[in-house]
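The values are calculated or read from the model by the stated rules, or taken from the named source; none is laboratory data. Keep in mind it's a predicted model, so treat the numbers as computed, not measured. Every residue, glycine among them, receives a Cβ derived from its backbone with ideal geometry; neighbour counts consider all protein chains shown.
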Amino acid sequence: MNSESPIAKQRYYDEQLLTPEDFQREQNFHIANRELQNQLLLKSGILMGLTIQVGPTHGQVQIMPGVAIDNSGRLINLTDSAKFNNANVLRQLGQFLLNLSDQQYYNKHWLLTLEYNEEEDPTNLSQWKVIPKFKLTLSTTEVSHDQVALATLNVTTTQGESSINIEIDSSIRVKAVIATEHIPDLKAEQIPSLSPEKITGILKAEQIPNLPASKIEGDFSIEQIPDLSAAKITSGQFNADQIPSLSPEKITGILKAEQIPNLPASKIEGDFSIDIKFHLDKPNINGEETVTLTWSSQLADKMVLEYIFENKIQKQEWTANLDQEKTYDLTPYQTSTYTLTTYKETNVQDQKQFVVQVIPNEFQFLKNLYYGGWDLSNALESCFKRYHLLPLTKESIVTLIDAAKRANYSEEGTLNFLKGYLELASPVITSFSYTGSVFRITWNTVQNADNYELELFNNSDQIINSTKVNSTINSLEITPVQSPEPGIYKIQVRTIAISVIFSSWSNQQICKIEPTISIKDFNWQVTGPGTTSINSSNNNSITFNYSLAGDIVHQEQTWKYSATSSKTGVVKFNWKYSGFHGWYQVKAEINAFSKGLSEEEQTQKLSFGVGGSMGGEGQLLIKVNQGYEFGFVITGSNFDSDTRLLGNLTITDHNN
């Protein structure tokens with residue numbers, strides 16, 4: 001510092017045209033004077049705070065807010081934000097966290113410093129942002145002129161393990177103190193022998209030079225005696241009648257034995273400190289972990305633990321067997337300070353404080369906001385940002401609902417707020433039909449679905465079936481308790497996620513059930529070679545017979561049994577076939593057909609084994625159309641010496 005360099009001061013006069021440089025010069029004048037004053041009064045170092053310890057997560061260093069001053073007299077005020085590696089570091093839960101988990105930091109000694117830094121404010125070009133900067137250099141680096149040392153860090157890792165160990169050495173830290181070279185020292189010989197009545201007020205310990213006891217006459221009043229280090233007393237012995245009654249907190253350090261006269265007990269007030277022995281098993285915890293406090297006190301007759309929980313002061317008291325080790329479990333939902341106080345006959349004997357650092361989960365975070373007066377929507381949005389929850393998933397929504405409810409927020413309000421954050425698509429019904437007395441429905445798979453719910457409506461729009469299935473199913477068969485009447489039936493499916501909190505219905509699909517037509521309602525005809533017949537029985541069954549022999553069977557032959565439907569509907573029937581088409585190169589096939597408006601006809605094959613004495617049976621449903629042909633086509637041939645083709649097909653209404 002060159003204190004003799006002039007500091008330019010801006011001069012003003014009437015009708016002067018002022019430019020930014022004039023205002024900057026005025027500002028520089030005040031800044032330079034303030035920094036010069038700081039340099040003359042204080043030495044560079046830490047004024048308050050800026051304590052450093054290992055962070056709650058592996059690879060983190062935790063730094064508390066504070067103030068320092070550098071060699072240029074500039075104040076470095078670490079309050080809400082800082083820079084580290086060209087990135088912003090924001091204060092979180094009252095602290096700053098530096099992440100040293102990158103491999104570049106492994107197995108090295110580092111020097112951590114803090115320095116003054118100002119940057120252009122991108123949001124306001126007319127001002128500067130003053131934001132301190134953390135700097136990490138190898139420990140062999142010297143602390144520069146404008147840096148303040150915080151600690152040296154030894155970052156080590158163990159081969160084969162993922163843990164990172166950080167050892168912190170704070171011995172390099174320097175406290176900012178008064179620049180005593182600018183304050184002259186008093187010499188002992190400059191101080192006359194003073195009686196206490198010559199002194200008013202309390203002396204500051206740093207103002208008192210090393211004095212022999214002979215320099216002091218009479219008794220001091222206890223109010224005049226500052227907290228003194230024993231090192232301030234260099235020679236001689238006090239007279240017992242010169243020493244007022246002193247409480248133990250007035251003395252720091254250790255007096256030499258020869259300096260202490262024999263004192264009556266009346267000269268000593270109070271008891272010397274009773275040490276509380278206590279141990280905290282986990283000073284830093286995650287989520288809802290429990291901390292166990294272990295403590296004891298040898299001489300106290302009452303112990304009180306005080307802390308704030310849910311905006312109320314909580315107290316726990318113990319009075320029995322205090323000399324025996326006791327334990328007490330704590331589950332804080334936020335970083336909290338605890339105070340242990342011992343009493344002896346209602347007088348405070350000793351007091352200890354400790355802090356439990358909590359990395360909160362979603363529930364604890366919301367609970368802290370609830371007792372801080374935050375409304376639900378702002379609290380949830382803050383939780384989204386704090387835990388990077390967007391876009392929300394089913395899992396995170398379930399967690400938030402439970403967390404908000406436990407934090408005393410309205411469950412209904414939470415549900416309504418979260419409904420806008422989960423995209424739950426409506427299912428798309430891909431098919432809906434009624435065949436063989438069964439409704440068949442298929443739909444697409446919907447992301448985020450837990451279940452699907454189906455509702456089936458009859459032609460009076462009444463729900464006749466409601467079914468819920470899990471998300472692995474996307475097709476279903478529903479068999480009505482009673483055969484449904486002909487008419488229009490509707491189906492709708494909805495997606496359900498997280499019970500019924502989130503749901504989305506599909507559009508309705510319709511299915512038309514046609515009336516059932518008996519096979520006896522048809523006027524059957526047959527065309528084909530050989531002998532044919534159509535026989536009807538009283539139990540709503542009809543038998544179609546055919547018989548043919550001769551070399552003509554070596555070529556494919558066809559028999560057609562058909563009728564024209566007088567109405568539109570469905571035919572449901574059981575069928576049974578038996579026949580013989582020889583043994584060699586046998587062909588036999590039966591197809592049911594139904595014609596309609598389109599040129600293509602509906603066909604269904606009746607399956608059975610072919611060759612020798614053959615046969616089969618089954619059930620069939622086929623739609624028929626008014627004014628169009630419906631029936632069966634039988635084809636067959638062989639290349640056998642037995643030239644017979646014969647068989648009969650019996651069809652019976654399905655209800656019989």
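A few notes on this one:
- Across region 94-143, the number of residues qualifying as at pLDDT 85 or above, hydrophobic (A, V, I, L, M, F, W, C) and exposed (fewer than 15 other Cβ atoms within 10 Å of the Cβ) comes to 2.
- Residue check, Thr603 assigned to a strand (DSSP E or B), of a type in the set (Ser, Thr, Tyr) and within 60 Å of the chain's Cα centre (by Cα): yes
- Residue in region 506-551 that is surrounded by the most Cβ atoms within 10 Å (Cβ to Cβ), counting only those that are without any contact (Cβ under 8 Å) to a residue 60 or more places away in the chain and of a type in the set (A, V, I, L, M): Val526
- Only a single item in (1) in a strand (DSSP E or B); (2) within 22 Å of Ser637 (Cβ to Cβ); (3) without any contact (Cβ under 8 Å) to a residue 40 or more places away in the chain is not met by Trp559, and it is number (3).
- Qualifying residue in region 349-368 (condition: part of a loop (DSSP other than H, G, I, E, B) and over 22 Å from the mean Cα position of the chain (by Cα)): no
- Residues in region 571-595 that are part of a strand (DSSP E or B) and among the hydroxyl-bearing types (Ser, Thr, Tyr) were compared, and the one that is surrounded by the fewest Cβ atoms within 10 Å (Cβ to Cβ) is Ser578.
- Residue within region 328-348 that is of a type in the set (Lys, Arg), more than 16 Å from the chain's Cα centre (by Cα) and part of a helix (DSSP H, G or I) present: no
- Filter result (buried (at least 17 other Cβ atoms within 10 Å of the Cβ), assigned to a loop (DSSP other than H, G, I, E, B) and under 18 Å from the mean Cα position of the chain (by Cα)) within region 393-429: Ala407, Tyr409, Leu422
- Taken as a whole, region 77-84 holds at least one residue that is surrounded by fewer than 19 Cβ atoms within 10 Å (Cβ to Cβ), at pLDDT 85 or above and out of contact with any strand residue (DSSP E or B) (no Cβ under 8 Å at 6 or more places or on another chain).
- Criterion (surrounded by 12 or more Cβ atoms within 10 Å (Cβ to Cβ), of a type outside the set (Ser, Thr, Tyr), part of a strand (DSSP E or B) and assigned by the TED database to the domain that holds Gln508) met by exactly one of Val469, Val446: Val469
- Selection over region 601-636 of residues that are free of Cβ contacts under 8 Å to residues at least 24 places away in the same chain and touching a Ser or Thr at 6+ places or on another chain (Cβ under 6 Å) gives a count of 1.
- Among the residues examined, Val526 does not qualify as assigned to a helix (DSSP H, G or I) and either more than 21 Å from Thr603 (Cα to Cα) or in contact with a strand residue (DSSP E or B) (Cβ under 7 Å, 6 or more places away or on another chain) (or both).
- Strands (runs of 3 or more DSSP E) fully within region 72-136 counting 3 or more residues that are of a type outside the set (Phe, Trp, Tyr): 75-78, 81-84, 87-90, 96-99, 108-115, 118-120
- Scanning region 337-364 for residues that are of a type in the set (Ser, Thr, Tyr), within 16 Å of Asp281 (Cα to Cα) and surrounded by 17 or more Cβ atoms within 10 Å (Cβ to Cβ) gives a single hit, Tyr338.
- Taking the listed residues Gln462, Gln482, the one that is surrounded by fewer than 13 Cβ atoms within 10 Å (Cβ to Cβ) and under 28 Å from Ile622 (Cβ atoms) is Gln482, with no other qualifying.
- Every residue from region 152-175 that is in a loop (DSSP other than H, G, I, E, B) and either of a type in the set (Asp, Glu) or at pLDDT 85 or above (or both): Glu161, Ser170, Ser171, Ile172, Arg173, Val174
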